[in-house]
Amino acid sequence: MVDQADTELDATGLPCPMPLLKAKQAIAQLTPGQRLIVSATDPGAWRDFESFVAQSQHILEYREENDGIYRFVIVKGGQ
């Protein structure tokens with residue numbers, strides 16, 4: 001289940017790599033511990049967000065796919 005977010009990003013309809021790039025921009029505006037919910041339709045986003053958080057201090061708290069919509073909850077890491 002998707003939790004409340006401090007910011008939501010609608011990246012539906014955007015091709016790869018735009019959902020990830022837009023998410024990076026949105027995360028940059030958050031403070032550590034805040035949540036970003038991203039909605040995307042690009043199937044590559046599933047892999048892209050997993051790789052992104054593995055290489056960062058951010059946490060992929062939750063992800064789901066429902067009827068071609070991918071939703072991700074990312075918690076900004078850092079100090």
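Take the conditions (1) of a type in the set (S, T, Y); (2) part of a loop (DSSP other than H, G, I, E, B); (3) within 13 Å of L9 (Cα to Cα); Y70 misses just one of them, which is (2). Take the conditions (1) surrounded by fewer than 14 Cβ atoms within 10 Å (Cβ to Cβ); (2) at pLDDT 95 or above; (3) not small (G, A, S); Q34 misses just one of them, which is (1).
The number of residues in region 11-31 being out of contact with any helix residue (DSSP H, G or I) (no Cβ under 8 Å at 6 or more places or on another chain), surrounded by 17 or more Cβ atoms within 10 Å (Cβ to Cβ) and not β-branched (V, I, T) comes to 2. Here region 42-77 is the region considered, the condition is being of a type in the set (G, A, S) and touching a residue at least 12 places away in the same chain (Cβ under 8 Å), and the residue that is surrounded by the most Cβ atoms within 10 Å (Cβ to Cβ) is A45. Please find, within region 15-57, the residue that is farthest from G77 (Cα to Cα) out of those that are outside any strand (DSSP E or B) and touching a Ser or Thr at 6+ places or on another chain (Cβ under 8 Å). Applying the filter and picking the extreme gives T41.
The values are calculated or read from the model by the stated rules, or taken from the named source; none is laboratory data. The structure displayed is predicted, hence computed values, not measured ones. Using ideal geometry, Cβ is built from the backbone for each residue, glycine included, and neighbour counts are taken over all protein chains shown.
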